[in-house]
Amino acid sequence: MSDDAPMLRMVNIVKNFPGVKALKGVDLDVRAGEVHALMGENGAGKSTLMKCLIGIHPPTSGEIWFMGKKLPSQYNPAEALDMGIAMIHQELSPVVHRPIMENIWLGREPKNSFGLIDHKKMAKMTDDVLGLIDLKIDPRTPMGELTVAKMQMVEIAKALSFNAKLIIMDEPTSAITDREVTQLFKLINRLRDEGRGIVYISHKMDEIFQISDRITVFRDGERVGTDRSNETTMDRMITMMVGRPIDEMFPKVECEIGKTYLEVKNLSSGRVFKNVSFDVRRGEILGLAGLVGAGRSEVVESIFGLRHLDSGEIFIDGKKVEIKNAGDAIQNGMAFLTEDRRQTGIFPMLDIQFNMFVANMKKFTGQSSARLLSFKRIKSEVSHYIDSIRIKTPSQYQKIENLSGGNQQKVLVARWLMTEPDILFLDEPTRGIDVGAKAEIHKLVTFIAGQGKCVVMISSELPEVLGMSDRVVVMYGGKVTGILDNTGQKLTQEEVMRYASGATELEAAGKLI
């Protein structure tokens, strides 16, 4: 490979699935020592192209060249690793009950002279490879004890253990804190300086511009264009992705705020959160802000009956209610979009139709004693939501596991909107969703609030919280540190972060100047 030749060249890649042409003759090149970002709406073809590269989906046609050599038409992920191509997937799948060292060297364990696994040597090898990324941690630590960020670091170490020259990162910052993002970016810059190629897939545009050298945009299975990061703008990227400008990312309209409908008083659960109180009014969008670990999700899970409460009271429309499980919550007009769609959201082996109507089967049963489901009504309503929030699928009978992560999230949003709830809890509703779909979900949320419903939205993205909320409940260390008005004089990110970082508590205690 000559010095100026790309490390990777993908030429005229076509990939067909039954009923779908996922890639329509795509070209891509990645150079040694660069971070090349891939952007596009969910279903645009980014992840499919990378799965073709690492051998999960062999291309229908086209050529792949790596390090100056043409790759065979078919190979598997293990062979791709041997060639120096590694991918860190958005949905991490470690063997959580086994140590770090076994996760890194799985299937490649060093053996002693008796043919048995040499654990001492494996620990030393793990120390060495973790040292490449400055991660100081006992190799015998079970993976399940690590944070998501550290799990991702271990995945990067695993890629380096294969001497990967090209590392693909799919949404690597979707579940980590800002501080952990900073650490990850330092590592990416180091890998770039070592001459490795990085393919970085993300929907977070600020990150893309911060970390990448070039950006390639995909739309509808085609490459729209490639620009240098320092020679383009966010507006141009958005227009390229969706085929039109997004006039308003946060289309918040003024809704009539009614009386208090949901009220929680002094909720406590073990050491997770304590004495949490707030209320939500009809027509209001209440944002829940705070750093990862502040207890936001746990509070909502407790209100919805998914987590045990030690003490506290919940009132709906002035009446005290007992919610012991999710069924009780749904009976009381609540809906809850969970944070982890893989573990607690989708039924992966079942189709979109079932995943969408499963939370509200009673709505589609007839009046006869047989109480049979009306699949005609189900099909009509599912079609409505597929169209209205632009779920990219050949049909509603497609298995949900075959959709991109963002489209899976849209199905779950539609599931709960279909229940027509009075109280809608949204935990990271736009995580892993592209910019066009975010704007459309924001419109739906505003529409729901405009109907006099209560919306409680958890988000780690402060612009989203500030752009959509009427008031913001800020948490730190399992406590509410502030309930801030966001109407009229708009809040700033700096104001919210003071409450989210515990600075206000220190001020009150006289420990912060």
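List of remarks:
- Test: residue in the stretch 331-338 that is open to solvent by 40 Å² or more (accessible area, probe 1.4 Å), within 18 Å of residue 302 (Cβ to Cβ) and at pLDDT 75 or above: yes
- Scanning the stretch 88-140 for residues that are buried (at least 17 other Cβ atoms within 10 Å of the Cβ), of a type in the set (S, T, N, Q) and assigned to a loop (DSSP other than H, G, I, E, B) yields a single hit, 90.
- Residue that is most open to solvent (accessible area, probe 1.4 Å), among those in the stretch 182-225 that are more than 20 Å from residue 85 (Cβ to Cβ) and among the basic types (Lys, Arg): 186
- Residues (out of contact with any Gly (no Cβ under 7 Å at 6 or more places or on another chain), over 18 Å from residue 423 (Cβ atoms) and open to solvent by 30 Å² or more (accessible area, probe 1.4 Å)) located in the stretch 477-487: 479, 480, 485, 487
- Of the residues making up the stretch 392-406, those that are in a helix (DSSP H, G or I) and of a type outside the set (Val, Ile, Thr) number 4.
- Among the residues of the stretch 381-394, the ones that are surrounded by fewer than 16 Cβ atoms within 10 Å (Cβ to Cβ) and modelled with pLDDT under 90 come to 3 in all.
- Residues of the stretch 64-77 satisfying the condition of being open to solvent by less than 70 Å² (accessible area, probe 1.4 Å) and either of a type outside the set (Gly, Ala, Ser) or without any contact (Cβ under 8 Å) to a residue 12 or more places away in the chain (or both): 64, 66, 67, 71, 75, 76, 77
- Count of the stretch 226-235 residues, restricted to those that are surrounded by fewer than 17 Cβ atoms within 10 Å (Cβ to Cβ) and in a helix (DSSP H, G or I), is 4.
- Taken over the stretch 406-427, the criterion of being among the acidic types (Asp, Glu) and farther than 13 Å from residue 449 by Cβ is satisfied by 420, 427.
- Qualifying residues in the stretch 17-51 (those that are farther than 19 Å from residue 229 by Cα, open to solvent by less than 10 Å² (accessible area, probe 1.4 Å) and touching a Leu at 6+ places or on another chain (Cβ under 7 Å)) - the one modelled with the lowest pLDDT: 45
- The set of residues in the stretch 279-291 being under 25 Å from residue 494 (Cα atoms) and open to solvent by 10 Å² or more (accessible area, probe 1.4 Å) consists of 279, 290, 291.
- Of the strands (runs of 3 or more DSSP E) lying entirely inside the stretch 263-374, those containing at least 2 residues that are touching a residue at least 24 places away in the same chain (Cβ under 8 Å) and among the basic types (Lys, Arg) are 273-281.
- Filter result for residue 302 (under 27 Å from residue 466 (Cβ atoms), modelled with pLDDT of 90 or more and touching a strand residue (DSSP E or B) at 6+ places or on another chain (Cβ under 8 Å)): yes
- When the residues of the stretch 141-159 are filtered to those that are in a helix (DSSP H, G or I) and farther than 15 Å from residue 89 by Cα, the one that is modelled with the highest pLDDT is 143.
- Any chance residue 87 is of a type in the set (A, V, I, L, M, F, W, C), touching a Pro at 6+ places or on another chain (Cβ under 9 Å) and on the phi < 0 side of the Ramachandran plot: yes
- Residues (under 18 Å from residue 361 (Cβ atoms) and touching a Phe, Trp or Tyr at 6+ places or on another chain (Cβ under 9 Å)) located in the stretch 397-415: 400, 411, 414, 415
The values are calculated or read from the model by the stated rules, or taken from the named source; none is laboratory data. The structure displayed is predicted, hence computed values, not measured ones. With ideal geometry, Cβ positions are generated from the backbone for all residues, glycine too; neighbour counts draw on all protein chains shown. Please note that ligands, DNA and RNA were not included when accessible areas were found on the heavy atoms of the full protein model with its side chains. Shrake-Rupley method; radii C 1.70, N 1.55, O 1.52, S 1.80 Å.
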